[in-house]
Amino acid sequence: MNNFLEKAKNVYDMMVTIRRSLHKYPEIDNKLYKTTELVESYLKELGIKYTKYDNNGIIADIGSKKNKIVALRADMDALEVVDLKDVPYKSQIEGYMHACGHDGHTAIQIGAAAILKEIEKELDGTVRLIFQPAEETYGGAKEMIEYGCLDKVKAIIALHVDETMSLGKIGVKKGVVCAASNPFTINVRGKGSHGAHPEDGVDSIYIAAKIIDNLQGIVSREIAAVDNAIITIGKINGGTALNAISSSVVMEGIIRTLGKDLRDYCVGRVKEIVENTAKLYRGKASFEYIEGYPSFQNDNELFNLFKDIIEKDKIAEFIEIEKPSMGVEDFAYYAQIIPALYYRLGCRNEEKGIINPAHGSYFDIDESCMIVGCAAQAAFAYKFLKE
């Protein structure tokens with residue numbers, strides 16, 4: 001019988017080396033040249049065949065039997081965040097940082113690959129490794145699907161480190177996992193004039209302020225408190241001089257919702273409020289949005305299988321997460337096509353001071369969490385193929 005936790009401990013040093021190398025030299029979007037070079041070097045060393053694509057994504061297979069395929073996905077990209085930690089593996093690339101743990105995800109994936117390659121002859125099928133770029137930007141999952149990463153795949157699993165969850169715990173949400181998103185841009189157009197004579201102009205900044213205020217009424221007064229929606233204006237630019245009425249303002253934001261009907265409603269209402277508020281104050285405004293990442297659900301059968309594996313193999317303390325996240329994840333594109341499971345891996349350690357939030361300059365993980373994640377990924381792949 002395979003003890004995946006012990007096997008994961010055996011590859012821990014390798015995972016730490018990988019993770020720290022990636023953390024020191026982070027790359028963003030799909031510009032993952034050094035990142036994929038490192039991944040390729042380990043795949044070659046392990047004797048795992050792979051294909052690298054134009055977007056710097058990699059697909060690799062372990063196992064000779066193609067009757068059943070299960071996929072493991074790891075995102076690889078970093079963020080445009082300044083690393084302010086005082087650690088030996090601090091980012092050496094100014095303005096870039098692995099502030100969301102994708103360095104750990106990649107290291108875990110290679111660790112799991114090493115374990116599965118070692119027991120390749122015991123696999124009742126094939127394990128597909130998906131190393132994906134651009135989760136943080138345009139949604140690299142869609143490209144990987146176009147490249148055929150899900151061809152003949154029966155199920156897919158992925159993890160995400162979670163700094164709010166203590167080391168030694170794994171958290172999984174039944175049903176809906178993440179929100180859907182609609183990033184948007186609002187262009188407000190007024191008329192410039194001297195600041196001493198606002199009556200001669202149409203103040204676009206004033207209109208923008210009214211739009212921001214009115215948009216908050218959608219969530220607070222038009223949507224039931226038990227439903228889930230967030231409308232955020234995260235960026236605003238307008239004005240050229242302190243003594244002039246600005247002729248234009250550009251705002252950017254995002255709508256996050258759970259459920260298609262609510263998503264459609266919010267998009268429609270934002271458009272109405274933007275256009276009508278501007279008109280009310282003698283200006284004009286346009287609202288443009290894109291279909292961001294969709295919401296997605298964890299598959300019930302995979303949830304039950306994973307829970308059974310984690311508990312019976314004593315890999316971690318299994319926690320059932322009660323509420324969905326209002327964050328977004330391009331793993332949703334995989335989950336729209338085949339049964340999928342996405343879970344949280346506890347990486348918090350208060351004694352070590354590893355408590356800082358993701359996407360922040362002091363984010364870090366307790367690297368011991370990689371043992372748990374590696375064991376969970378390898379055990380799931382192995383036992384799914386046995387089912």
Exercise. Tell me which residues, restricted to segment 237-264, are within 22 Å of Ser286 (Cβ to Cβ) and touching an Asp or Glu at 6+ places or on another chain (Cβ under 8 Å).
Key: Ile245, Ser246
Self-check item: Close pairs (7 angstrom Cβ cut-off, 6 or more residues apart or separate chains): closer than 10 Å to Met251 by Cα in segment 215-241, β-branched (Val, Ile, Thr) and assigned to a helix (DSSP H, G or I) anywhere
Solution: Ile233/Ile212; Gly238/Ile205
Quiz item: Which is of a type outside the set (Gly, Ala, Ser) and crowded, with 16+ Cβ neighbours inside 10 Å, of Tyr89, Tyr33?
Solution: Tyr89
Practice problem: Kindly indicate which of Met76, Met144 is surrounded by 24 or more Cβ atoms within 10 Å (Cβ to Cβ) and more than 28 Å from Lys9 (Cβ to Cβ). | Solution: Met144
Quiz item: Can you tell me which residues in segment 262-312 are basic (Lys, Arg) and within 26 Å of the chain's Cα centre (by Cα)?
Solution: Arg263, Lys307
Quiz item: In segment 214-241, which residues are part of a helix (DSSP H, G or I), more than 21 Å from Ser325 (Cα to Cα) and of a type in the set (S, T, N, Q)?
Solution: Asn214
Quiz item: Here are Ile310, Ile273: which of them is of a type in the set (Val, Ile, Thr), in contact (Cβ under 8 Å) with a residue 24 or more places away in the chain, part of a helix (DSSP H, G or I) and in contact with a strand residue (DSSP E or B) (Cβ under 6 Å, 6 or more places away or on another chain)?
Solution: Ile310
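No value in this document is a laboratory result; all are computed from the given coordinates. Note that the coordinates shown come from a computational prediction; the quantities given were computed from them, not determined experimentally. Every residue, glycine as well, gets a Cβ built from its backbone with ideal geometry; the counts of neighbours run over all protein chains shown.
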